[in-house]
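Written below as structure tokens is the structure these notes are about.
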Amino acid sequence: MDLIKILNKHIPTKKKIFSLFHKKQSQDISSFFLQTIKRVKKETKDNSILNALCIELYDLVSYYIMFDKIKVTKKFLRLLEELALPMHCIGQQKWDETLKKVIKLKL
């Protein structure tokens, strides 16, 4: 139940993403995604919830990124792709290292 509450609270809708993009058309919106991940990391200490959030974020925007409707920096996109993989596929230690890189990232 906790997972559903957090996902509903923090996952932006498609309308919100496109409105952000239209407001900041010259900039990318990767800082918005980075702030969302950092905010959830502060609120919850459970990595499985954070992994589910990253999977949902990536699934939400991957189509729009591929067809250049949304701009995201490549450095952040590569890290988001790693975080969006299931934890049991890449291993807990590798996933934690990638999360630390994302938290330290400055955009």
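Some points to look at:
- Comparison of Leu83, Leu57 shows that the only residue that is of a type outside the set (Ser, Thr, Tyr) and touching a Cys at 6+ places or on another chain (Cβ under 6 Å) is Leu83.
- Any hit, region 46-54, residues being surrounded by fewer than 16 Cβ atoms within 10 Å (Cβ to Cβ), at pLDDT 85 or above and hydroxyl-bearing (Ser, Thr, Tyr): yes
Every residue, every condition in (1) touching a strand residue (DSSP E or B) at 6+ places or on another chain (Cβ under 6 Å); (2) closer than 23 Å to Lys5 by Cβ; (3) small (Gly, Ala, Ser), yes or no:
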| site | (1), (2), (3) |
| --- | --- |
| Lys16 | no, yes, no |
| Ser30 | no, no, yes |
| Lys38 | no, yes, no |
| Cys54 | no, yes, no |
| Leu57 | no, yes, no |
| Ser62 | no, no, yes |
| Cys89 | no, no, no |
| Thr98 | no, no, no |
| Lys104 | no, no, no |
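- Residue within region 81-90 that is over 17 Å from Lys16 (Cβ atoms), surrounded by 12 or more Cβ atoms within 10 Å (Cβ to Cβ), among the small types (Gly, Ala, Ser) and in contact with a helix residue (DSSP H, G or I) (Cβ under 9 Å, 6 or more places away or on another chain) present: yes
- Listed by position, the helices (runs of 4 or more DSSP H) contained in region 53-107 that have at least 3 residues being polar (S, T, N, Q) are 92-104.
- Output for region 55-107, where each listed residue is touching a residue at least 24 places away in the same chain (Cβ under 8 Å) and β-branched (Val, Ile, Thr): Ile55, Val61, Ile70, Val72, Thr73, Val102, Ile103
- Residue that is surrounded by the most Cβ atoms within 10 Å (Cβ to Cβ) [pool: residues in region 55-80 that are at pLDDT 85 or above and among the acidic types (Asp, Glu)]: Glu56
The values are calculated or read from the model by the stated rules, or taken from the named source; none is laboratory data. Note that the structure is a prediction, hence the values are computed from the model and not measured. No Cβ is skipped: glycine too gets one built from the backbone with ideal geometry, and neighbour counts run over all protein chains shown.
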